[in-house]
Structure formats: structure tokens, C-alpha cells
Amino acid sequence: MTKFKCIQLISLLFFSPTVFSSNIHVEKLSDQVHVLSGKEYGTNIGLITTENGLILIDPMPGGGHLLELDNIVKSIYDKPIIYILNTHAHSDHTGGNEFFIKQGARFVESISNSDDFVHIKVKSHSSNDNIYYHKISNTIFVGDVFDTSWHPTFYAGGTQGFNDAIDTIMKLGDEQALIVPGHGAPASKLSLLEFRKNTSEWIMRVRELHQKGWDEDRIMNDAQAKSIVEKFNLGDRSPFLPQKAFKRFIERTISVIEKEKGM
Ligand SMILES: [Zn+2]
């Protein structure tokens, strides 16, 4: 590599808010925070610098890209990774833990003795969802409670758990707070409220059709249900959901509705 190209690359890494390496997308949110995501799962990986070292949230860019992630982290901040946090225990978020633990990082659920972080547990996407709020940067990491690239997945907590989780997130930071979902682009509190509104519209429509005795296949062809799902298609993908995923979303929504029937 020529000296000029090398300087070009370095300036790109340090001065551009958005950088694409071959497999990992890097976005600078503030001086202290970056979000990285691999092509494999699109899981948002939080990278936070503190006085004592670096914190990685959900460091999983895909099994084959952990070394690449490590190199990118080192090129952004010249500090050791001290803590690994996970928003929840699904493998697309936890799969890289061991790699970084072997290099000396510690997996923790909360960062004790830290005034910079707020950690709150909720139950929505999984039975144990962790919300991490980084005060200095006004950034909230919420895992798969919120998704800006997919439909909602509130299966563990149901309607109540989902709404409680959104309320919890809304109370953190101010109206300028940036919310980092488990997958998809970081978004504002307004987008989160829109996501909640669309989610309750979805549940209401599926409940209505399910009560009429419609099965999954019939609901899949309901124009209103289809148009509600399109509201989650923020990236204007076409098609947004493969048919199989759409059907599964309806099935899982019905199981939540059935579970809540007697409540
Ligand atoms: Zn996920």
C-alpha cells in the first residue's frame, strides 16, 4: 500500500461517520460510541470507550469475522476490551463472547461502580432482555425489543411485556436520545413510539381476524394485515418478508394472543 493510500484509509476510518470494511459496517455515533454490524446477522455491536477500557455489547459479526471485528475495534480505539455485555442470550448476540473472553475481556451483566451506565431488565423479545443506557453519549442499547430492519418479536413478554419495555426505554435519556436496536439503523424515540403504534395495530388486526376464525394462510392475504407489516419495512425492501417468515410471524402472534386470552 502506498503512503498516500494508507493515509487515505486512515482518514476514512477516523473522519468519516460511516465506514464499510469488507464484512463489517462501522458507524460513529459520538466520540465515545460506535456501532458495528456484520453482514451475517446484521446484529448491532456497541463499542463504547471508557476511562478504563472498551466495552463491547453483543459482539457477534458472524463466526468467521471475529478477528476482523477485533482489528477494527483496535483501529478505532487503542485500548483493551474490558467488558462484554449482552442484550439477551440469543446466539446472534452472544456468539462472539468467548473469542473476546479468551483475550482477557470479562462478561458481565451490569457494570458495577459505574455512574455512566444504567442497566434495566425487561421481558419482551426474550425472558431476560437487558437495556443499557450510556449516559455520556445519551445512547440506549435495547437489543431485539426494538428492530428497525424486521417485524417486532415480542414473543416472550407478550403485549404487556412489550409495552412495559417501551415505557422503560422512553424514560431513559431525553428526547434527543439515540436508540440502538438489536438489528437495523439506530433511531429516535419518535421512531420507537411509531414502532409501538404499528405493533399494537398489528396485534389488534390479527386478534380480530383470529377471533373470526381465520387461519394463518387467510390472514396472510388480508390487505390490512399486509399493509401493517409494510410499516415495519423502513428500508423499503421488496419483498420485505419472505412468505415463510410472514406466516411464522402470524403464527407466533396468534400464540401470544391465545396466551393472553384469559388475562
Ligand atoms: Zn437478534
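The values are calculated or read from the model by the stated rules, or taken from the named source; none is laboratory data. Quick caveat: nothing in here was measured; it's all calculated off a predicted structure. Neighbour counts are summed over all protein chains in view; Cβ atoms, including those assigned to glycine, are modelled from backbone coordinates with ideal geometry.
Restricting region 28-69 to residues that are in a helix (DSSP H, G or I) and in contact with a Pro (Cβ under 8 Å, 6 or more places away or on another chain) leaves a set whose member that is surrounded by the most Cβ atoms within 10 Å (Cβ to Cβ) is Leu69.
If the condition is being among the aromatic types (Phe, Trp, Tyr) and under 21 Å from the mean Cα position of the chain (by Cα), then region 65-96 contributes only Tyr83. Counting the residues of region 39-64 that are within 16 Å of the ligand (Cβ to nearest atom) and either modelled with pLDDT of 95 or more or over 13 Å from the mean Cα position of the chain (by Cα) (or both) gives 15. In region 181-202, the residues that are over 19 Å from Val35 (Cβ atoms) reach residues that are within 16 Å of the ligand (Cβ to nearest atom) with C-beta atoms within less than 8 angstrom, at least six apart or across chains, in these pairs: Arg196/Phe162; Asn198/Pro152; Asn198/Phe232; Thr199/Pro152; Thr199/Phe154; Thr199/Phe162; Trp202/His151; Trp202/Pro152.
For Asn113, indicate whether it is modelled with pLDDT under 95, touching a strand residue (DSSP E or B) at 6+ places or on another chain (Cβ under 9 Å) and away from the ligand (no atom under 16 Å from the Cβ). Considered against the rule, which asks whether it is modelled with pLDDT under 95, touching a strand residue (DSSP E or B) at 6+ places or on another chain (Cβ under 9 Å) and away from the ligand (no atom under 16 Å from the Cβ), Asn113 comes out as no. A residue that is in contact with a strand residue (DSSP E or B) (Cβ under 6 Å, 6 or more places away or on another chain), without any contact (Cβ under 8 Å) to a residue 60 or more places away in the chain and more than 16 Å from the ligand (Cβ to nearest atom) occurs nowhere in region 141-156.
Do we have Phe195 as crowded, with 19+ Cβ neighbours inside 10 Å, within 22 Å of Ser227 (Cβ to Cβ) and under 10 Å from the mean Cα position of the chain (by Cα) here? The answer is no for Phe195.
For region 25-38, name all the residues that are over 18 Å from the mean Cα position of the chain (by Cα) and not polar (S, T, N, Q). If the condition is that a residue be over 18 Å from the mean Cα position of the chain (by Cα) and not polar (S, T, N, Q), then Asp31 is the only one that fits. Selection of region 217-263 for residues being among the small types (Gly, Ala, Ser) and closer than 17 Å to Glu201 by Cβ yields Ala223, Ala225, Ser227. Within region 65-103, no residue satisfies the criterion of being within 13 Å of the ligand (Cβ to nearest atom) and touching a Lys or Arg at 6+ places or on another chain (Cβ under 9 Å).
Please work out which residue is nearest to the ligand (Cβ to nearest atom), limiting yourself to region 157-176 and to residues that are over 20 Å from Asn128 (Cβ atoms) and surrounded by fewer than 19 Cβ atoms within 10 Å (Cβ to Cβ). Restricting to residues being over 20 Å from Asn128 (Cβ atoms) and surrounded by fewer than 19 Cβ atoms within 10 Å (Cβ to Cβ), the top hit is Met170.
Residue check: Pro242 meets all listed conditions (1) loosely packed, with under 13 Cβ neighbours inside 10 Å; (2) within 16 Å of the ligand (Cβ to nearest atom) but one, namely (2). Counting only strands (runs of 3 or more DSSP E) that sit completely within region 109-150, those holding 2 or more residues that are surrounded by fewer than 18 Cβ atoms within 10 Å (Cβ to Cβ) correspond to 117-122.
In region 123-140, which residue that is of a type in the set (S, T, N, Q) and over 15 Å from the mean Cα position of the chain (by Cα) is nearest to the ligand (Cβ to nearest atom)? Ranking the candidates gives Ser127 first. Taking region 75-107 as the search range and keeping residues that are of a type in the set (D, E, K, R) and within 29 Å of Tyr155 (Cα to Cα), which one is surrounded by the most Cβ atoms within 10 Å (Cβ to Cβ)? Within region 75-107, the match that is surrounded by the most Cβ atoms within 10 Å (Cβ to Cβ) is Asp92.
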